[in-house]
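Structure first, then comments.
The values are calculated or read from the model by the stated rules, or taken from the named source; none is laboratory data. Here the structure is a predicted model, which is why all the values come from computation and not from measurement. Quick reminder, even Gly has a Cβ in these numbers, built from the backbone with ideal geometry, and neighbours come from all protein chains shown.
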Amino acid sequence: MINFALNPKQTPQKSGKEKLYYAIAQANGEMDIEGLAKVMARMTGNQDSFTFAEALRILPEALKRVLKDGFAVKLGDLGRFFVTLQSEGVSEDKITNYNPHDHITNVSANWTPGHALRHLGGDKGAKGGYVRASSGIKFREVITRNAQAEAKKKLKKHT
């Protein structure tokens, strides 16, 4: 079940008009590697979640090594990992003196989810459009994180 809160937002194009309320996902918490490994073990009927946990633990280091070697990594429905660079620009007359160690300022790993993760509830319809994203997903409305924090402050004052 996915929790959501309704947050009012005013779009810049509609300045001066009433705010519209949009659903914002609110996580139930976080799951660590061991928790995910147990889910994977249950899904496969494997009683030993250790193998899954070990694979998940070494995945970041393996990805880092392969990305540093210049490869993009496709992991099926999990998605694609790739490198992007930020660099200082140089004029055309100085391009022959370009030094990547001086001019590249940041190297980042990026991820694009595969189809199964990109569209958690919806899928492409017959005419290429997407069906409602909520198909097959249960939702529960909760209060916003700001409202939760304010409620906690009030409780502390009264206790």
| query | Which of the residues spanning the range 66-81 are surrounded by 11 or more Cβ atoms within 10 Å (Cβ to Cβ) and on the phi < 0 side of the Ramachandran plot? | reply | Val66, Leu67, Lys68, Phe71, Ala72, Val73, Lys74, Leu75, Leu78, Arg80, Phe81
| request: May I ask you to list the residues in the range 39-67 that are free of Cβ contacts under 8 Å to residues at least 12 places away in the same chain and among the charged types (D, E, K, R)? | output: Arg42, Asp48, Glu54, Glu61, Arg65
| note | When Gly121 is run through (1) in contact with a Ser or Thr (Cβ under 6 Å, 6 or more places away or on another chain); (2) closer than 28 Å to Asn3 by Cβ; (3) modelled with pLDDT of 90 or more, the failure sits at (3)
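Can you tell which of Lys64, Lys19, Lys68 is of a type in the set (D, E, K, R) and farther than 21 Å from Val107 by Cα? Talk me through it step by step, then tell me what you get.
Details: Lys64 fails: farther than 21 Å from Val107 by Cα; Lys68 fails: farther than 21 Å from Val107 by Cα.
It is Lys19.
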| task | Read through the list (1) farther than 30 Å from Thr144 by Cα; (2) loosely packed, with under 13 Cβ neighbours inside 10 Å; (3) modelled with pLDDT under 90, then give the number of the only condition that Met43 fails. | result | (3)
| message | Need the failing condition index for Ile33 against (1) hydrophobic (A, V, I, L, M, F, W, C); (2) touching a residue at least 60 places away in the same chain (Cβ under 8 Å); (3) in contact with a helix residue (DSSP H, G or I) (Cβ under 6 Å, 6 or more places away or on another chain), just the number. | response | (2)
| message | Quick check on my filter: what residues within the range 68-117 are under 30 Å from Ile137 (Cβ atoms), among the charged types (D, E, K, R) and part of a helix (DSSP H, G or I)? | response | Asp77
| query | For the range 1-60, how many residues meet the condition of being over 20 Å from Lys138 (Cβ atoms), among the charged types (D, E, K, R) and not in a loop (DSSP other than H, G, I, E, B)? | reply | 6
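In the list Ala149, Ala62, Ala72, which residue meets the criterion of being modelled with pLDDT of 85 or more and either in contact with a Pro (Cβ under 8 Å, 6 or more places away or on another chain) or under 25 Å from Ile24 (Cβ atoms) (or both)?
On the way: Ala62 fails: either in contact with a Pro (Cβ under 8 Å, 6 or more places away or on another chain) or under 25 Å from Ile24 (Cβ atoms) (or both); Ala72 fails: either in contact with a Pro (Cβ under 8 Å, 6 or more places away or on another chain) or under 25 Å from Ile24 (Cβ atoms) (or both).
Going through Ala149, Ala62, Ala72 in turn, just one is modelled with pLDDT of 85 or more and either in contact with a Pro (Cβ under 8 Å, 6 or more places away or on another chain) or under 25 Å from Ile24 (Cβ atoms) (or both): Ala149.
Pick from the range 1-22 the residues that are touching a residue at least 24 places away in the same chain (Cβ under 8 Å) and surrounded by 11 or more Cβ atoms within 10 Å (Cβ to Cβ): which of them is nearest to Phe52 (Cα to Cα)?
Among those that are touching a residue at least 24 places away in the same chain (Cβ under 8 Å) and surrounded by 11 or more Cβ atoms within 10 Å (Cβ to Cβ), it is Ile2.
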